[in-house]
Amino acid sequence: MRHDIEPAGEVKGRPVAKITLENDQGMKVAVLTYGCIVQSVLVPDRSGNIADATLGYGELDAYLKGHPFFGSIAGRFANRICEGRFTLNGKTYTLECNEAPTGQHLHGGTQGFDKAVWGYGIEERDGALALNLYHTSPDGDAGYPGRLDVVHTIWLDQSNALGMEFRAVSDRDTILNLVNHSYYNLSGIEGTTVEDHELSVSADTFIPVDDRMLPTGAIAPVAGTEFDFRAPRRLSDAFIARPDGSFDNNFCLGAAEEDGLRPAADLYHPPSGRGMRVRTTQPGVQFYNGAKLSNRAWYGRNGTRYPAYAGLCLETQHFPDSPNRPQFPTTTLRAGQLWEQRTVHAFYTR
């Protein structure tokens with residue numbers, strides 16, 4: 001196992017580093033300390049050819065000009081909160097409503113955790129090379145209560161497993177929902193779509209949403225609907241089943257296995273043989289198929305414009321608008337309580 005550290009630039013006078021983790025199989029994961037951005041995930045195909053399985057940019061400056069959360073952390077609260085309001089301990093808190101199309105609070109606001117420069121350290125543990133990223137969010141930051149101390153760990157092992165872990169403690173009761181927002185395309189070819197991929201999701205139920213992308217309050221069975229991914233489906237066929245070709249819904253995962261991780265999803269690209277199996281401690285996974293990527297001109301590392309469906313997200317997280325939905329698993333973090341979550345992306349070939 002090896003790592004490399006190089007300067008990537010500056011944000012408001014603070015230096016940003018690019019850290020690359022590499023194993024003996026040739027898999028490499030590059031992370032920026034700005035926004036905890038997973039800049040690239042280089043993995044082999046069935047013939048041993050290495051290519052990037054994620055969308056993103058080659059330089060920090062491109063991220064600073066704006067992007068749809070390519071590889072970054074989303075927080076303090078990933079996904080949407082209705083009208084930017086929630087009540088905790090009898091007090092109502094108001095957050096920024098920053099998603100223009102829906103008028104809702106999204107991913108922590110315009111100055112969320114994806115805009116912070118994080119501290120870092122590197123360690124070896126349990127046969128893996130781990131990058132620990134550190135950030136302190138002050139009380140009242142973006143409208144959220146409590147000083148929050150966060151450690152986000154990204155690790156790589158020799159079996160081509162990529163781990164993403166979160167630990168956080170607040171000095172006041174608060175709400176929390178953190179996630180990595182990478183877009184995956186296992187073909188490794190920039191400018192292609194994921195329509196030739198196959199996806200399965202380990203969920204019997206999902207969260208229906210209204211036209212504001214907010215939960216209706218129901219937890220609905222996937223059986224007999226276009227949301228049934230319990231068996232692998234070719235994504236081109238799945239997209240046709242949706243009136244607008246879009247998926248952006250949270251799926252409710254089942255019970256955890258012996259190691260505490262719930263099976264979440266399996267993504268496979270038949271032409272290259274690359275696959276990615278996702279397991280998590282989180283109760284849900286948000287499947288977004290990248291249908292809206294073509295709404296703006298996003299250009300990748302090689303200058304190719306990303307089309308609709310250029311990549312998809314499998315965001316392991318709690319359910320959207322959970323602070324306002326008591327029937328959902330709680331996202332309340334009590335003062336002094338340790339919040340921990342873990343997700344493993346196991347890359348494979350066949």
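The values are calculated or read from the model by the stated rules, or taken from the named source; none is laboratory data. Because the structure is a prediction, the values reported are computed rather than measured. Please note: Cβ atoms are built from the backbone with ideal geometry, for glycine as well, and neighbour counts cover all protein chains shown.
So the values come out like this:
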{"read-out": "Search result, residues across the range 167-211 that are assigned to a loop (DSSP other than H, G, I, E, B) and in contact with a helix residue (DSSP H, G or I) (Cβ under 6 Å, 6 or more places away or on another chain)", "value": "194, 195, 197"}
{"read-out": "The range 113-124 residues that are farther than 17 Å from residue 30 by Cα, paired with ones that are among the basic types (Lys, Arg) and surrounded by 13 or more Cβ atoms within 10 Å (Cβ to Cβ) (beta carbon under 9 Å, 6 or more apart)", "value": "113/76"}
{"read-out": "Selection within the range 129-154 - of a type in the set (A, V, I, L, M, F, W, C) and on the phi > 0 side of the Ramachandran plot", "value": "142"}
{"read-out": "Per-region count, the range 61-79, residues more than 12 Å from the chain's Cα centre (by Cα), among the aliphatic types (A, V, I, L, M) and under 28 Å from residue 140 (Cβ atoms)", "value": "1"}
{"read-out": "Only listed residue being hydroxyl-bearing (Ser, Thr, Tyr) and farther than 25 Å from residue 101 by Cα, chosen from 236, 246, 322", "value": "236"}
{"read-out": "Any hit, the range 68-90, residues being of a type outside the set (Gly, Ala, Ser), without any contact (Cβ under 8 Å) to a residue 12 or more places away in the chain and surrounded by fewer than 20 Cβ atoms within 10 Å (Cβ to Cβ)", "value": "no"}
{"read-out": "Residues that are in contact (Cβ under 8 Å) with a residue 24 or more places away in the chain and either of a type outside the set (A, V, I, L, M, F, W, C) or within 16 Å of residue 81 (Cβ to Cβ) (or both), drawn from the range 149-161", "value": "152, 157, 158, 159, 160"}
{"read-out": "Residues that are of a type in the set (Ser, Thr, Tyr) and surrounded by fewer than 17 Cβ atoms within 10 Å (Cβ to Cβ), drawn from the range 155-182", "value": "159"}
{"read-out": "Count of the range 92-112 residues which are of a type in the set (A, V, I, L, M) and free of Cβ contacts under 8 Å to residues at least 40 places away in the same chain", "value": "2"}
{"read-out": "Which numbered condition residue 40 misses (of (1) surrounded by 18 or more Cβ atoms within 10 Å (Cβ to Cβ); (2) more than 20 Å from residue 187 (Cβ to Cβ); (3) hydroxyl-bearing (Ser, Thr, Tyr))", "value": "(2)"}
{"read-out": "Selection from the range 120-154 of residues that are surrounded by fewer than 19 Cβ atoms within 10 Å (Cβ to Cβ), over 21 Å from the mean Cα position of the chain (by Cα) and at pLDDT 95 or above", "value": "121, 122, 123, 124, 138, 139, 140, 143, 147"}
{"read-out": "Any chance residue 231 is part of a helix (DSSP H, G or I), more than 29 Å from residue 340 (Cβ to Cβ), more than 19 Å from the chain's Cα centre (by Cα) and among the hydrophobic types (A, V, I, L, M, F, W, C)", "value": "no"}
{"read-out": "Matching option when the condition is part of a loop (DSSP other than H, G, I, E, B), under 23 Å from residue 238 (Cα atoms), modelled with pLDDT of 95 or more and hydrophobic (A, V, I, L, M, F, W, C), among 308, 335", "value": "308"}
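Residues are listed down the side, and each one gets a yes or a no for (1) modelled with pLDDT under 95; (2) over 17 Å from residue 185 (Cα atoms); (3) of a type in the set (D, E, K, R); (4) crowded, with 20+ Cβ neighbours inside 10 Å:
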| site | (1), (2), (3), (4) |
| --- | --- |
| 240 | no, yes, no, no |
| 258 | no, yes, yes, no |
| 261 | no, yes, no, no |
| 270 | no, no, no, no |
| 280 | no, yes, no, yes |
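Listed here are the residues, each with its yes/no results for (1) at positive phi; (2) surrounded by 23 or more Cβ atoms within 10 Å (Cβ to Cβ); (3) free of Cβ contacts under 8 Å to residues at least 40 places away in the same chain.
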site: 277; (1), (2), (3): no, no, no
site: 297; (1), (2), (3): no, no, yes
site: 301; (1), (2), (3): no, no, no
site: 304; (1), (2), (3): no, no, no
site: 307; (1), (2), (3): no, no, no
site: 316; (1), (2), (3): no, yes, no
site: 322; (1), (2), (3): no, yes, no
site: 326; (1), (2), (3): no, no, yes
site: 334; (1), (2), (3): no, no, no
